[in-house]
1. Of Asp413, Asp133, which has the most accessible area and how do the rest follow, probe 1.4 Å?
2. With each run of n ≥ 4 DSSP H residues scored as -39500 (n - 2.57), what mean residue ellipticity at 222 nm is computed for the chain after dividing by its residue count and rounding to the nearest 500 deg cm²/dmol?
3. Summing +1 for each Lys or Arg and -1 for each Asp or Glu, what net charge is found among the other residues whose Cβ lies under 14 Å from the Cβ of Ala349?
4. I need the calculated FRET efficiency for the pair Val472 and Ile260, taking r as the beta carbon distance and R₀ as 45 Å, to the nearest 0.05.
5. Highest mean first, what order results for 376-386, 261-271 on Cβ atoms within 10 Å?
6. Accessible area, 1.4 Å probe, largest first: how do Tyr431, Tyr193 sort?
7. Would you mind telling me the share, in percent, of accessible area of the chain contributed by carbon and sulfur at probe 1.4 angstrom?
8. What GluC sites (Glu not before Pro) in segment 1-100 are in a loop by DSSP, with at most 11 other Cβ atoms within 10 Å of the Cβ?
Amino acid sequence: REKPKNLWQSRWGFILAATGSAVGLGNIWKFPYITGEYGGGAFVLMYLGCILAIGIPVMMAEIALGRRGRGSPLDAIARVVRENNGNPLWKAVGGMAMLCGFLILCFYVVVAGWAFAYTWKMVDGSLAATSVDALAGVFEAHNTSPWLLGSWSIVVALVTLWIVGKGVQAGVERSVRWMMPGLAVMLLILVGYALTSGGFSQGFEFLFTFDASKVTGEAFLAALGHAFFTLSLASGAILTYGSYLPDGQSIARTTFVVAIADTCVALLAGLAIFPVIFANGMSPGAGPGLIFMSLPLAFQQMPFGTVFGVLFFAMVSVAALTSAISMIEATVAYLNEKHGVSRVKASIASGVVLIAISMLAMLSFNVGAEWKLFGMNFFDILDYVTSRWMMPLGGILMVILVGYCLRSDIMRDELKLPTAGYALWLFMVRYVSPVLILVVFLNALGWLGFDPLAGWYWIAGAIGMLAILGEVLAPRVRLEFAV
Ligand code: PHE
Ligand code: NA
């Protein structure tokens with residue numbers, strides 16, 4: 001068994017770092033805007049279902065794989081599979097995860113650049129416009145200049161790489177410790193304001209009223225992809241952080257803390273934003289600029305708004321940084337451990353590629369707006385390919401690996417759950433998660449062709465059949481899944 005090298009410094013180290021990775025623009029920027037686009041409550045419910053049925057079990061599996069294999073995703077998986085005399089090709093799952101994290105970062109720096117720029121804009125008065133339309137104009141004006149947009153993205157990329165080059169443990173642990181409570185307080189203040197803004201009940205209803213007509217295959221896949229994205233799964237981040245987790249710590253407990261914190265931040269962000277949107281007659285489906293066109297209005301109207309606004313965007317920027325760091329940590333750890341490249345050199349090398357690709361993503365908002373493939377600009381393509389394809393695919397391969405291909409004592413040994421807890425986890429990764437991912441994926445492609453709501457008993461039936469096959473028949477006919 002590999003000796004751990006860079007363990008987290010404190011008992012809270014992993015929880016802090018994993019929360020720092022999970023809580024980010026996914027919660028504050030992406031969750032509200034895709035919830036707006038997919039029509040509210042039904043999407044929120046599908047997303048919560050995916051967190052419970054897929055996100056939590058997959059997160060436990062990833063942390064366990066990381067800790068068992070003690071390395072970057074590719075090496076950790078290779079090692080765990082070798083311990084089982086399994087097929088070495090499984091390490092490709094780790095390689096794909098690393099690539100996925102890197103591709104996410106290529107558009108994430110652009111969004112984080114918005115948060116950075118808006119911190120500054122809160123100070124210099126450019127957000128003093130008093131209507132949603134005027135704020136939309138500010139957002140667009142910011143994006144039409146490749147120089148402005150590009151510089152902010154590069155600033156984010158450089159700060160990220162600088163921290164990663166130095167080693168993430170100490171810095172991430174320290175910054176998350178104050179950033180998380182700070183962000184929670186800011187969101188609560190915003191929700192408090194939203195309560196008085198006149199749009200609260202409408203915003204609340206939008207978020208939590210279930211409308212069956214909004215349950216489409218497409219929306220379901222978006223919710224599934226977002227569950228992976230928001231928990232930093234299938235992208236190398238959690239697996240790599242898990243490889244720094246000391247042996248004695250409970251994987252299940254940390255997973256629940258991280259998942260609950262992440263979900264609370266997303267729901268609070270929704271509760272803060274949608275009331276402002278409805279109170280000001282804005283459309284919830286306004287797209288990626290949603291929070292930047294709405295929240296500044298709230299800050300203008302509330303007492304001490306400028307102070308809160310600066311603090312809010314500053315904290316969102318820090319939250320974005322702690323996520324960005326985790327996206328590239330896998331690549332840097334890989335180059336460092338496997339090829340002996342120093343962390344600094346590994347950061348510089350990946351930084352060059354990162355900045356080049358992120359500039360293409362940035363151009364999607366100005367000169368490259370017309371460069372389209374399948375109707376999407378480059379920024380959207382990066383988001384689409386990672387969230388809709390790579391993460392669900394990586395997730396399903398990961399649950400097949402831990403559910404069927406590893407000797408069961410390995411995961412049992414890592415997870416150290418009581419019997420019933422372990423049985424539940426195994427049931428989830430063997431039957432529920434893979435069937436759901438497959439159904440959601442094929443259904444979105446139109447290959448199953450059923451309405452996900454009307455088809456729920458088919459899904460439950462498939463899970464049941466597979467469970468009976470796996471648990472009752474397979475052991476009797478001595479059909480061993482383990483490779
Ligand atoms: N979970 C992060 C967020 O919600 C994004 C992320 C994705 C981070 C993948 C790491 C890896 O903002
Ligand atoms: Na998140």
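The values are calculated or read from the model by the stated rules, or taken from the named source; none is laboratory data. Every value quoted in this text rests on a predicted model; they were computed, and no experiment measured them. Every residue, glycine as well, gets a Cβ built from its backbone with ideal geometry; the counts of neighbours run over all protein chains shown. Just the protein is used for accessible areas: all its heavy atoms, side chains included, with ligands, DNA and RNA removed. Shrake-Rupley method; radii C 1.70, N 1.55, O 1.52, S 1.80 Å.
1. Sorted by accessible area, descending: Asp133, Asp413.
2. -22500 deg cm²/dmol
3. Overall, the nearby charge balance is +3.
4. On the way: r = 34 Å, r/R0 = 0.77.
Calculated transfer efficiency: 0.85.
5. Per-residue mean Cβ counts within 10 Å order the peptides as 261-271, 376-386.
6. Per-residue accessible area, sorted high to low, gives Tyr193, Tyr431.
7. Details: 12970 of 18880 Å².
Here carbon and sulfur together make up 69 percent of the probe-accessible area.
8. Values: sites: Glu2, Glu37, Glu62, Glu83; in loops: Glu2.
Answer in residue order: no site qualifies.
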